[in-house]
Amino acid sequence: MESCVDFLNWLDDDMSLKILMCLDDPSDLVRVSCVSRSWRHYVIANGLCKQLCLRMFPQLSRVSCVIELNKQVAEESAAFGSSCYMERQALERDHRVYAYLARALSSSVIEDCIAETISASSTDNYPEESIVNTLEPRDIIEGGTASYWSSKGQSNPAVPETLTYKLFSQICVITEISIHPFQAFFQLGLPIYSAKLVRFRMGHFKASSDASGEQEFVWTYTSPEFAMVQENRLQNFKLPEPVLCIGGILQIELLERIQRQEMDGLFYICVSHVQVNGRLLLPAFSVEILEPSGNVVLKKDHLATCRPYSILSGNESNAISNGYYVRRQLRDFQQVVNMLQGNVMEVVEDHVWDEEEDEVDELEDYVL
């Protein structure tokens, strides 16, 4: 032990920083901050957890500040403290929030992230062929009824279509989108109405609507185009890299029509099922979009953690894992959107950090 050397004291700051920046596992960074009080201060002062998050997901560069909800701190004393004290408090807050976020971004369970539908660019027969049907994993339901969304017919096969969805969480990591083109088993030749290409966009609601009153969106990510095949199966489209969707809105762009309907000679696109796979960061994290700058306020609920839905509290689990059954019932009454908006997420209490030592223990328990 007498021969051990603290390299932070022997190397200059630039070299020490380069060494620690090589760590790409959130658990390792938090363990570094638990080695000693001086190492912890070094990690916090240089914002290493924040820098790791930015390397993992550049979309976080839009975050202008972070807020801790339900954090029991002496806000009054901080308000009257020195500028150095307030700066240290801000650095420690960023460290806590980004340490939790880095771990959640890489360790949450992959699951279906769609909460509800928003709109389709066109619908041939509403509500029988509504976008709501794409939330049903089967293409044939009770009574032999076909379940699918259909666009309006077009003489020009280049006319695109879009399907827009709201995700369960305002902030989540999307890794893969799956689409099942619909095969018309009731038409001669069993045609499959797939698109030729597909592209994905992610973003958030715009603060104001357009003149027609329709909701507008701000898109912060657009994927490359993927080729679809004209086959009756669930086709998986894995993004080049996981994308952090800030705002909770995903749009599918269906490009170029392939199948012409024999009855009217028009081109259609039909989809029986859509699935969006990713990591939900609820109930621990939420965001607030600042208009018109587009900057983001990242909020961490100190009393909650990111948990897979299998171990969520009763209300949370019902809102996610049972959402599919709720949507099936609501579709019959054509009230999907209004009733799904009544879902409420319940927050489960966790330990509160009152002292610096408790703070370190809590972070260590979280990553181990």
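The values are calculated or read from the model by the stated rules, or taken from the named source; none is laboratory data. Since this is a predicted model, take the numbers as computed values, not measurements. Glycine gets a Cβ as well: all are built from the backbone with ideal geometry, and neighbour counts include every protein chain shown.
Quick notes on this one:
- Residues that are over 29 Å from Val296 (Cβ atoms) and among the hydroxyl-bearing types (Ser, Thr, Tyr), drawn from the range 140-197: Thr145, Ser147, Tyr148, Ser150, Ser151, Ser155, Tyr193, Ser194
- Residue check for Glu161: buried (at least 21 other Cβ atoms within 10 Å of the Cβ) and over 30 Å from Arg55 (Cβ atoms): yes
- The range 3-56, residues that are at pLDDT 80 or above and not in a helix (DSSP H, G or I): Asn46, Gly47
- Consider the range 164-188 and keep the residues that are small (Gly, Ala, Ser) and modelled with pLDDT of 95 or more. The one that is surrounded by the fewest Cβ atoms within 10 Å (Cβ to Cβ) is Ser178.
- Of the criteria (1) without any contact (Cβ under 8 Å) to a residue 40 or more places away in the chain; (2) within 27 Å of the chain's Cα centre (by Cα), which one Tyr126 fails: (2)
- Hey, Gln230 more than 20 Å from the chain's Cα centre (by Cα), farther than 19 Å from Leu60 by Cα and surrounded by 13 or more Cβ atoms within 10 Å (Cβ to Cβ) or not: yes
- Residues that are out of contact with any Phe, Trp or Tyr (no Cβ under 6 Å at 6 or more places or on another chain) and crowded, with 23+ Cβ neighbours inside 10 Å within the range 253-273 comprise just one, Leu254.
- Selection from the range 141-158 of residues that are in a strand (DSSP E or B) and surrounded by fewer than 19 Cβ atoms within 10 Å (Cβ to Cβ): Ile141, Thr145, Gln154
- Some residue of the range 80-92 being in a strand (DSSP E or B) and either crowded, with 19+ Cβ neighbours inside 10 Å or modelled with pLDDT of 90 or more (or both): no
- Which listed residue is over 16 Å from the mean Cα position of the chain (by Cα) and at pLDDT 95 or above, from Glu216, Glu256: Glu256
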